[in-house]
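Input: a single structure, listed below in structure tokens.
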Amino acid sequence: MKTSANVISTLPGKPAPRTARGSFHWLLVGVAVLFSAVFLVLPLLNVFAQALAAGLGPYWHALADPDTISAIRLTLIIAAISVPLNAIFGLAASWAIAKFEFRGKAFLLSLIDLPFSISPVVAGLLFVLLFGANGLLGHWLEVHQVKILFALPGMVFATIFVTFPYVARELIPIMRAQGREQEEAALTLGANGWRTFWHVTLPSVKWGLFYGIVLCNARAMGEFGAVAVVSGHIAGQTDTLPLRVEKLYNEFDPVAPFAVATLLALLAVATMLLKALLEWKTRHES
Amino acid sequence: MSIELKSVSKHFGKVAAVEDVSFAVTEGELIALLGPSGSGKTTVLRLIAGLETPESGGIFVRGAQVNDLPVQKRNIGFVFQSYALFKHMTVFRNMAFGLKIKKWPSERIQARVRDLAGLLDLNGLLERYPHQLSGGQRQRVAIGRALAPGPNVLLLDEPFAAVDAQIRQELRQWLVRVHLDLKMTIVFVTHDQEEAMEVADRIIIFSKGRVEQIGAPQEVYEKPTNEFVARFVGVMNVLELEVRNGAARREELEFPAHGLADGQKMRIGFRPYAVQVSADASAYRYRAVLRRTYFLGVMLRLEMELPSGLILRSRISKEDYARLGLADGRTISFQIRSYRILSKEDEPLGAEVATAHELAPNLGEGI
């Protein structure tokens, strides 16, 4: 890392190995730049090139398609439900894990990591097995006419499952590093738990929380596998943006899949910019 | 009585952090809780504040039992070792925090914070953030924040540990001055016996979760009631003696047997000031070579090596050192004027440790 290299080079009596740095250093940098250009930047630019190959007219036309509009709306709705829920859960879980000792803490920690280690398709299947016609709750749901699978609730469940760890994982190390003392100081000054949380705990993790939410949102909007399993692919009804891209691509449309994909690509770029900004902000405030 | 603890115990898991601790602090006293790290002194402070709950025993503040009173209601000012300032708040908002909770009107809050800023030498810093302050300034903000709501008692955890030596000295004097101005009960935790001796009215000495001794600085220094206190407070030469031919001996040194039979052991201790040296190699009974001189300001500490290899420490004023013409490497003679018995046959002694045994001057001069 850059910072640790700087620290080492400023240590007295330990000059940085300048000779070794020269050409080898630049070779490594060159390899890294070339690699990310070929595998990351080029494909991203290509999405825009393909989408705009036939000009702006067909591009707007593809985005104005009613089924695409519906996919945009559904994606936004799913994110609007699952991201706040995961933010609240993540905040509560990280607070409990970082600042208190309790039974089952290790279990809760591995539970939070579960969605990271499980394939999204399997995650989707779990919900099919639970809510499907032959599933555990399938019969009861059918009798009571509750539609979960191949509808909005199922897709929200799958998205929540997949994006479960993002906020908590972001906050646990920050809260651990801060310890309990600021909160204890607030208590000795007469603050109750609620006030301590809003005026001391939350403000001191706000950028980390915001960052976690940004990552969580990017994943919620971009999730394909888990949502694909529970969605049912009903055009204009249960297609999200990623599912819509796949469908258009399979129909050999020359412009539309790339046009829709630019929306997701822009989301990714915006996320990266926010990430950089938030990292800069947290560094400057600590 | 400002604060009183009666047989308070607190365990963390199976480890006893505080074991059967009792003491009382009078209104307006400046008290040091002194002990090595892990001796339970910080836990005692947190128990008083209500940040920990005792398993047994009673904690009283101004006569009322506060065991079940939550932290918020105890009206106690607490200054953390790390200061624990609210990083995202200005100095002003940090100091106003407790007053806002008490719903003071904003003009009164303004006035109170400005008064404290004056007292704590923080004028002109009120709009700064904690990361823009020096260590000493941060600490004063932490003290101001704790004092703002007018607590009954001020508790400080290792208040001088995190600042450098020069500021530490100023802070000690400053704390004594603030104590005189505010006439408030102040309890602080320290592992530095010199700091406790210099600042506190009384010192409560802890070891392994228990109170070892309570007393004024001079009292614990001159009349320690057990071996731990004798060795922990101040510098002490400690010798393991064995009785042979009716006298307790270690190498060439000889002491009275104090009723012990041949073959029995005892441990004694004596302060460096009890070791009197002379530049004349035959003035006193014992001889040694001056190995190293430590400059401690007005006083000097001498480290001397006996012919047997035994090392003892003595203390002498700068004037005497110059007058005697001492220098490292010189052969000197010395006598031990008084000592105290720390233990006999590894049995801990109670009050007997407090007794200083005088030795006759020039004992056995000219071997």
Problem set entry | Simple spin-label estimate for B:Gln166 and A:Met272 in nanometres, 7 Å along Cα-Cβ | 5.0 nm
Seminar exercise, completed: When all Cα-Cα pair distances of the stretch A:172-251 are considered, the percent exceeding 21 Å is 54 percent
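Holding the Cα-Cα limit at 21 Å, pick out from B:Lys100/B:Lys183; B:Lys208/B:Lys265; A:Lys105/A:Lys281; A:Lys99/B:Lys102; A:Lys206/A:Lys275; B:Lys10/B:Lys41 the pairs that are longer than that.
Among B:Lys100/B:Lys183; B:Lys208/B:Lys265; A:Lys105/A:Lys281; A:Lys99/B:Lys102; A:Lys206/A:Lys275; B:Lys10/B:Lys41, the Cα-Cα distance tops 21 Å for B:Lys100/B:Lys183; B:Lys208/B:Lys265; A:Lys105/A:Lys281; A:Lys99/B:Lys102.
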Exercise. How big is the stretch A:34-285 by the Kirkwood estimate over distinct Cα pairs, in Å?
Worked result: 20.3 Å
Exercise. Which residue, B:Gly35, B:Gly325, B:Gly209, tops the fluctuation ranking in a GNM of chain B built on C-alpha contacts under 10 Å?
Worked result: B:Gly325
For this session: Check the straight Cα-Cα distances from B:Lys103 and name the lysines below 23 Å, setting aside those fewer than 8 residues away within the same chain.
Result: B:Lys73, B:Lys87
For this session: Translational diffusion coefficient, Stokes-Einstein: compute it for the stretch B:81-179 using the Kirkwood radius over C-alpha pairs as Rh, at 37 °C and 0.692 mPa s, and state it as an integer in µm² s⁻¹.
Result: 239 µm²/s
Problem set entry | Residue order, fewest to most surrounding Cβ atoms within 10 angstrom, among A:Tyr166, B:Tyr321, B:Tyr294 | B:Tyr294, B:Tyr321, A:Tyr166
Seminar exercise, completed: Expected unfolding gain across A:Ser23-A:Val41 under the 0.36 nm per residue rule, minus the alpha-carbon gap, is 4.0 nm
Exercise. Measuring from centroid to centroid over Cα atoms, what is the spacing of the stretch B:196-233 and the stretch B:254-273 in Å?
Worked result: 23 Å
For this session: From the P(r) of the protein assembly as shown, can you give the percent of Cα pairs sitting at distances over 43 Å?
Result: 51 percent
For this session: Enumerate by residue number the GluC sites (Glu not before Pro) in the stretch B:217-269 meeting two conditions: DSSP loop (anything except H, G, I, E, B), and at most 13 other Cβ atoms within 10 Å of the site's Cβ.
Result: B:Glu251
Exercise. With no solvent and one point per C-alpha, what does the Debye sum give as log10 I(q)/I(0) for chain B at q = 0.06, 0.09, 0.13 Å⁻¹?
Worked result: -0.31, -0.64, -1.04
Problem set entry | Neighbour-count order for A:Trp95, A:Trp194, fewest beta carbons within 10 angstrom listed first | A:Trp194, A:Trp95
Seminar exercise, completed: the stretch A:178-253 and the stretch B:31-88 have their Cα centres apart by a whole-number Å value of 39 Å
Problem set entry | B:His131-B:Phe12 FRET efficiency (beta carbon distance; Förster radius 30 Å; 0.05 resolution) | 0.40
Problem set entry | Over chain A: helical MRE at 222 nm, DSSP H runs n ≥ 4 each giving -39500 (n - 2.57), nearest 500 | -24000 deg cm²/dmol
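With a cut-off of 8 Å between alpha carbons and a minimum separation of six or more residues, what is the relative contact order of chain B in percent? Don't skip to the end; give the middle numbers.
Working: 763 pairs, mean separation 55.3, N = 367.
Once normalised by length, the contact order is 15 percent.
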Exercise. Once you mark the GluC sites (Glu not before Pro) that are in a DSSP loop and have at most 11 other Cβ atoms within 10 Å, what is the longest gap between them in chain A?
Worked result: A:102-250
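Bear in mind that the values in this text are calculations on the coordinates, not laboratory data. These figures come from a predicted structure and were not determined experimentally. Methodologically, a virtual Cβ is constructed for each residue, glycine included, from the backbone with ideal geometry; neighbour enumeration extends over all protein chains shown.
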